[in-house]
Amino acid sequence: MPATGTGRRTAAPRTVLRVKSPQALLTEAGHDDEGHGLKRTMGLWQTVAFGIGAVVGTGIFVVLGDVVPKAGPAAVVSFALAGLTCVFSALAFAELAAAIPVSGSSYSYAYASLGEGVAWLVGWCLLLEYGVSVSAVAVGWGQYLNELLHSVFGWQLPAALSNPPGSGGVVDLPALVVVLLAALLLIRGVRESARAAVVMMVVKLGVLALFVAIALTAYHADHFADFAPHGMAGIGAGASLAFFSFIGFDAISTTGEEVKNPRRNLPLAIVLCMAAVTLIYCVVAWAAVGAMPASEIGKHRAVLAVIVDQVTGSSAGGIIVAVGAVVAIASVVLTVLYGQTRILMAMSRDGLVPKVFERVSPRTATPVANTWIVGGVFGLLAAVVPLDVVVNLTTIGTLAILVVVNISVIVLRRRRPDLPRFFRVPLYPVTPILGIAFVLYLMWGLGASTWIQFGVYLVLGVALYFAYGHRKSKLRNAGS
């Protein structure tokens, strides 16, 4: 009896640390079997559009008014610093996505390098990055939709039906509707969703390009005279806030089982997406500060609309920015909701969440039940729960995932030098180490209260793992 008890006490740590081989992940995903359910229908540019669709959302439309008061005109540098942080980690994602092109993204990479326990916590953090952020982003959709309806038609939805409780309403019906519409489009097929993502990307980038063109007609170089009034501390604080605008770039890696020629197209799409988004954000920030003094930008929530109104002397700004925001938010909801369903499908294959999440419809080649469950849960969350308080928690959870991904590159290089790598992080190991350092710098800037919230969230995740995931783990049960 004592021996049995000892065995039980030591079995848990062994399972928590046990890794799953990349070959096993590829086999379970049906990498070499076209009959596994998911179909490879997305080309390179559709994948890039999916990535840009997941990133360019409400962030640049509203977060500029938060970054500039911290950094001043150096907000351009803050966006560049946040983008650089993502670029280092994007290179890590590119290497791992090319070597292990499966839907699990960072969850699967952690499983192959750091073990099941870390993989579970990564999946737990991905619920923040994908699921909760979908709800938080969807809340803003109704607000911009109302602004657009008011500007064009002179009427809008009543506050009781367009705001969650605590924000002047009873239920945020538009938030629920946009999530459910995204779910409906996703279950119809990835090809249709990718086409919609391309169209929405073109519209919102066109709106941002129009903003830059208008803002540059009122450009004043003297607005940059006091470039960094709060020094590097202000730039760093601004970068921590600006990072929220980049959340979702890793959604590209969740398309690993539905992208054509994934070993080539995944790393290329990730790098192209991050380069494009960083450039777009920096140009928009530069044009905005050039058109309006930094001391004024922080006074306006919809600052892009205000700048266009002032420059043109009309109310066109509200309409232009509202159109861009409505399309941008819809595209973010679509692509990030897609990423959440694929993460849960990968976790279900490993037995860590219920089997319903891994079932793929033979008719649509999509996880229908998974998509409706995710859409229903997070749509309802957006409709009835104020989510402003979890923005920083979402950010720190996403940053923690990037730390794990960079560490995974280093661990797999040491443990699995034989693993075929169709893309390699340049300047290894400097690049992943810099990626970790930049991420930790941004995490530090989020403050003590956010760290405390994150610690509580992780403890809850550990409790759920041992209550369900650890007992149901296929890896554990196969080895027992």
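The values are calculated or read from the model by the stated rules, or taken from the named source; none is laboratory data. Quantities reported herein were computed from a predicted structural model and do not represent experimental measurements. Positions of Cβ are backbone-derived with ideal geometry, glycine not excepted, and every protein chain shown enters the neighbour counts.
The set of residues in the stretch 436-459 that are aliphatic (A, V, I, L, M) and touching a Gly at 6+ places or on another chain (Cβ under 6 Å) is empty.
Considered as a group, the residues in the stretch 43-62 that are crowded, with 24+ Cβ neighbours inside 10 Å and of a type in the set (A, V, I, L, M, F, W, C) include one that is nearest to Pro101 (Cα to Cα), and that residue is Phe50.
When Ala175 is tested against (1) in contact with a Leu (Cβ under 6 Å, 6 or more places away or on another chain); (2) more than 28 Å from Trp45 (Cβ to Cβ), just one condition goes unmet, and that condition is (1). If you go through the stretch 313-329 and keep only what is out of contact with any Gly (no Cβ under 9 Å at 6 or more places or on another chain) and in a helix (DSSP H, G or I), you end up with Ala316, Gly317, Gly318, Ile319, Ile320, Val321, Ala322, Val323, Val326, Val327. Consider Leu352 carefully, then state whether it is modelled with pLDDT of 85 or more and surrounded by fewer than 18 Cβ atoms within 10 Å (Cβ to Cβ). It is false that Leu352 is modelled with pLDDT of 85 or more and surrounded by fewer than 18 Cβ atoms within 10 Å (Cβ to Cβ). Select from the stretch 330-360 the residues that are without any contact (Cβ under 8 Å) to a residue 40 or more places away in the chain and outside any helix (DSSP H, G or I) and list them in ascending order. Listed by number, the residues that qualify are Pro354, Arg359. Where helices (runs of 4 or more DSSP H) fall entirely within the stretch 153-263, those with at least 2 residues that are crowded, with 17+ Cβ neighbours inside 10 Å are at 173-188, 190-216, 231-242. Residues that are farther than 25 Å from Leu128 by Cα and not polar (S, T, N, Q) do occur in the stretch 364-375.
Those residues that are surrounded by fewer than 19 Cβ atoms within 10 Å (Cβ to Cβ) and modelled with pLDDT under 90, I need them from the stretch 394-416; list them, please. Within the stretch 394-416, no residue meets the criteria.
Could you check, for the stretch 128-146, whether at least one of its residues is at negative phi, in contact with a Pro (Cβ under 8 Å, 6 or more places away or on another chain), surrounded by fewer than 24 Cβ atoms within 10 Å (Cβ to Cβ) and at pLDDT 80 or above? Yes, there is a match, as at least one residue in the stretch 128-146 is at negative phi, in contact with a Pro (Cβ under 8 Å, 6 or more places away or on another chain), surrounded by fewer than 24 Cβ atoms within 10 Å (Cβ to Cβ) and at pLDDT 80 or above. On inspection, Tyr130 qualifies as touching a residue at least 40 places away in the same chain (Cβ under 8 Å) and either in contact with a Phe, Trp or Tyr (Cβ under 7 Å, 6 or more places away or on another chain) or under 30 Å from Ala478 (Cβ atoms) (or both). The criterion of being surrounded by fewer than 20 Cβ atoms within 10 Å (Cβ to Cβ), among the small types (Gly, Ala, Ser), out of contact with any Lys or Arg (no Cβ under 6 Å at 6 or more places or on another chain) and assigned to a helix (DSSP H, G or I) holds for Ala275. Checking Arg301 against (1) over 30 Å from Tyr468 (Cα atoms); (2) at pLDDT 85 or above, which single condition isn't satisfied? Result: Arg301 fails condition (2) only. Scoring Gln143 on the criteria (1) in a helix (DSSP H, G or I); (2) among the polar types (S, T, N, Q); (3) within 23 Å of Leu464 (Cα to Cα) leaves a single failure, condition (3). Could we say that Glu296 is in a loop (DSSP other than H, G, I, E, B) and on the phi < 0 side of the Ramachandran plot here? Spelling it out, it is not the case that Glu296 is in a loop (DSSP other than H, G, I, E, B) and on the phi < 0 side of the Ramachandran plot.
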